[in-house]
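A.B. asks: So that we are looking at the same thing, I have put the structure below in structure tokens.
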Amino acid sequence: MAAIKNIIFDLGGVLLDIDYHKTAKAFTDLGVQQFDVLYSQANANDLFEALETGTISEDDFYKSLQNYCHPATTRHQMQSAWNAILLNFRVESLSVLEELKKNYNIYLLSNTNSIHLSAINQILLGQTGKPSLDGYFIKSYYSHLINKRKPYLATYEWVLQDANILAAETLFIDDSINNIIGATEAGLQTHCLLPQETIQQLSL
């Protein structure tokens, strides 16, 4: 096994605490039936995949989402429900990134969307005073900006090529087994971060 020179981090569940159940409950309260079928850690239907690959606007997303909700549901209510998944940053894990930068080329690869990224940056600003995560990484790859999302093989291959790094020399850390499987197929070394596990507990 090649020595690790690069590390690619996931965001939610690795650097930022998230809770899918909070968003699922919030949408259930808005009248959405079986929200987990529409969106979960392991799955995203066409609407949510379009949002996360940047192929649908926020306006069109909300208009489509409205069809699943009670008729009187407002955009603000849908936005609040959608952002309910986002909790707090793991500040100690962010500190670890600063140390890892001294020995590795580090990158971010996140399935996210414009709505969440705005909220994420606000959370980060409140906790650290920093307006974005960009300072922690050589480059941040957000699915809605690169128009590609995990766990598809083509996504990992595109990121590796863009970063000009080798898969065999790169460790990918994610909390989703589906994303880990995709990364393994791309030839990356991988670590699936377990619930309650943090990156500062890893031997990096």
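The values are calculated or read from the model by the stated rules, or taken from the named source; none is laboratory data. Just so we're clear, the structure is a prediction, and the values are computed from it rather than from any experiment. In this analysis, Cβ positions are derived from the backbone assuming ideal geometry, glycine residues included, and neighbour counts consider all displayed protein chains.
A.B. asks: Among residues belonging to segment 149-204 that are small (G, A, S) and in a loop (DSSP other than H, G, I, E, B), point out the one that is modelled with the lowest pLDDT.
C.D. replies: Restricting attention to segment 149-204, the residues satisfying the condition of being small (G, A, S) are 154, 163, 167-168, 176, 182-183, 186-187, 203.
Then drop every residue that is not in a loop (DSSP other than H, G, I, E, B), which leaves 176, 186-187, 203.
Working: S176: 95, A186: 98, G187: 98, S203: 86.
Per the criteria, the residue is S203.
A.B. asks: Kindly list the number of the only condition in (1) in a loop (DSSP other than H, G, I, E, B); (2) within 17 Å of the chain's Cα centre (by Cα) that fails for Q33.
C.D. replies: The number of the failed condition is (2).
A.B. asks: On to the next question. Can you tell me which residues in segment 1-30 are in a helix (DSSP H, G or I) and surrounded by fewer than 16 Cβ atoms within 10 Å (Cβ to Cβ)? Quick ask: steps written out before the conclusion?
C.D. replies: Taking segment 1-30 and keeping what is in a helix (DSSP H, G or I), we get 20-29.
Scanning segment 1-30 gives H21, K22, K25, T28, D29.
A.B. asks: So, one more: Within the group T74, T112, T128, which residue is of a type in the set (V, I, T), over 12 Å from the mean Cα position of the chain (by Cα) and closer than 28 Å to A183 by Cβ?
C.D. replies: Within the list T74, T112, T128, the selection yields T128.
A.B. asks: Would you point out the residue of segment 112-148, among those that are outside any loop (DSSP other than H, G, I, E, B) and small (G, A, S), that is nearest to S40 (Cα to Cα)? Even if it seems obvious, please write down each step before you answer.
C.D. replies: Taking segment 112-148 as the starting set, the residues that turn out to be outside any loop (DSSP other than H, G, I, E, B) are 114-128, 134-136, 139-146.
If we keep only those that are small (G, A, S) as well, we get 114, 118-119, 126, 135, 140, 143.
Working: S114: 18, S118: 20, A119: 19, G126: 27, G135: 29, S140: 23, S143: 16 Å.
Across segment 112-148, the extreme among qualifying residues is S143.
A.B. asks: Name every residue in segment 83-108 that is in contact (Cβ under 8 Å) with a residue 40 or more places away in the chain and among the basic types (K, R), in order of residue number.
C.D. replies: Result: R90, single match.
A.B. asks: Can you name the residue in segment 43-82 that is touching a residue at least 40 places away in the same chain (Cβ under 8 Å) and among the polar types (S, T, N, Q) and, of all such residues, is nearest to N147 (Cα to Cα)?
C.D. replies: The extreme case among them is T53.
For every residue, the table says whether it meets (1) surrounded by fewer than 18 Cβ atoms within 10 Å (Cβ to Cβ); (2) among the aliphatic types (A, V, I, L, M).
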{"position": "W82", "(1), (2)": "no, no"}
{"position": "V91", "(1), (2)": "yes, yes"}
{"position": "K102", "(1), (2)": "yes, no"}
{"position": "I120", "(1), (2)": "no, yes"}
{"position": "L125", "(1), (2)": "yes, yes"}
{"position": "S132", "(1), (2)": "yes, no"}
{"position": "F137", "(1), (2)": "no, no"}
